[in-house]
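Taken together, the values in this text are just the output of simple stated rules run on the coordinates, not laboratory data. None of the values given here were measured: they were computed from a predicted structure. Virtual Cβ from ideal backbone geometry, glycine too; neighbours counted across all protein chains shown.
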Amino acid sequence: MRSLARLAAAAVLVTFATPPLAAQSHPLAGRWQIDYERGKRIENDEVTVIRGTATLTLELRGDSLVGTLVRPASAEQPAPEPQRFAAKPTATGAVFVVRTVATNNDNGEITTREAVMTWTLTAKGDALEGTLLFAVPSMDFPAEPTVVTGKRTTE
């Protein structure tokens, strides 16, 4: 009977000694060098996709995956402020919804509009993949998800 009581006590210790899920790592946690569609240029009804790169750092904090997106300066504009966002992770990924402001240049007339960026990301080892849906509710054209790729980095 004593050995059964010891076994039960050991099982209780093992159960409570296991770290909670939030303290464990997540496949997306880490630093990523990503490539994504940064915008579009429409000139004379011809659409040119503008690709961009950024460093995306994702960290598991409690039950949330918290991210910081750092974009470098481009030939047209200085580096924007880092963008921060968070989401509840799934077993393999997360969906981040970010409200932002889109800048539009229409023949030199600069306007801004509210926009919503939806990042749907997953990771397998050192490879990140997913989509970015950049929607500007006040624009006349429908938004389509575009491809996001990335590689884990230590830099």
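Here are the numbers:
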read-out: Separation between Cα centres of region 23-52 and region 69-116, rounded to whole Å; value: 10
read-out: Paramagnetic reach from Val95 (point 7 Å along Cα→Cβ, amide N under 11 Å) across region 112-155; value: 118-121
read-out: Around Thr90: net Lys/Arg minus Asp/Glu count, Cβ-Cβ under 15 Å; value: 0
read-out: Stretch gain in nm, segment Arg84-Ala143, where the contour uses 0.36 nm per residue and the Cα spacing is subtracted; value: 19.0 nm
read-out: 18 Å Cα-Cα reach of Lys151 towards lysines, excluding residues that sit fewer than 8 places from it in its own chain; value: Lys124
read-out: Convex hull volume per residue in cubic angstrom - Cα atoms of region 22-153; value: 112
read-out: Burial order of peptide ranges 52-60, 124-132, 69-77, 105-113 (average beta-carbon count within 10 Å, highest first); value: 52-60, 124-132, 69-77, 105-113
